[in-house]
Amino acid sequence: QVQLVESGGGLAQPGGSLRLSCAASGFTCSSFAMSWSRQAPGEGLEWVSGIYSDGSDTYYADSVKGRFTIYRDNAKNTLYLQMNSMKPEETALYYCAKEPSAAPTTGWGEYDYWGQGTQVTVSS
């Protein structure tokens, strides 16, 4: 069975950093794109970043470009999101998701599996 488990969330100061992890199982990680999305309190789901199945191409929402880095270690079946220079408005529940093909898409409504999410709070 497919399983995605996020971790690494917590409290960060404005301008600080966190690294999120998503441990995957139940599928061949090297065959599928993956992504990170987030949902802030009272807001809808927002796509954040996507990565090609082998990590060769990455994509970012304009709001996080230059500050966030998505990468993966397929040998460890793990997806990461390094978040730097964090802002208070980025307080949200962060989700990783598996995509149905090798190429990533911002169409999160089509993702086939989601993790439970990890809470990120940015506050002083």
Of Gly44, Leu93, Ser21, whose Cα points farthest to the positive end of the dipole of the chain (charges on the beta-carbon: +1 Lys, Arg; -1 Asp, Glu; origin at the Cα centre)?
Ser21
About its Cα centre, what dipole magnitude does the chain give when the only charges are +1 on Lys and Arg Cβ and -1 on Asp and Glu Cβ, stated in debye to the nearest 20?
340 debye
Evaluate 2.2 N^0.38 Å with N set to the residue count of region 52-123, then give the Cα radius of gyration divided by it.
1.14
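Using a 1.4 Å probe over the heavy atoms of the protein chains, calculate the carbon and sulfur portion of the accessible area of the chain as a whole percent. Display every interim value, and only then the final one.
Values: 2730 of 6000 Å².
Ligands and nucleic acids excluded, carbon and sulfur reach 45 percent.
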List the lysines whose Cα lies under 23 Å from the Cα of Lys65, skipping any in the same chain that are fewer than 8 positions away.
Lys87, Lys98
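Add +1 for every Lys or Arg and -1 for every Asp or Glu among the other residues with Cβ under 14 Å from the Cβ of Ala97, and state the total.
-2
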Once the convex hull of the C-alpha atoms of region 4-45 is built, how many Å³ does it hold per residue, rounded to a whole number?
112 Å³
What whole-number value in cubic angstrom gives the convex hull volume per residue for the C-alpha atoms of the chain?
89 Å³
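The values are calculated or read from the model by the stated rules, or taken from the named source; none is laboratory data. Bear in mind the structure is a predicted one, so any value in this text is a computation, not a measurement. Please note: Cβ atoms are built from the backbone with ideal geometry, for glycine as well, and neighbour counts cover all protein chains shown. To get the accessible areas, we keep the full protein, side chains included, count just its heavy atoms, and leave off ligands, DNA and RNA. Shrake-Rupley method; radii C 1.70, N 1.55, O 1.52, S 1.80 Å.
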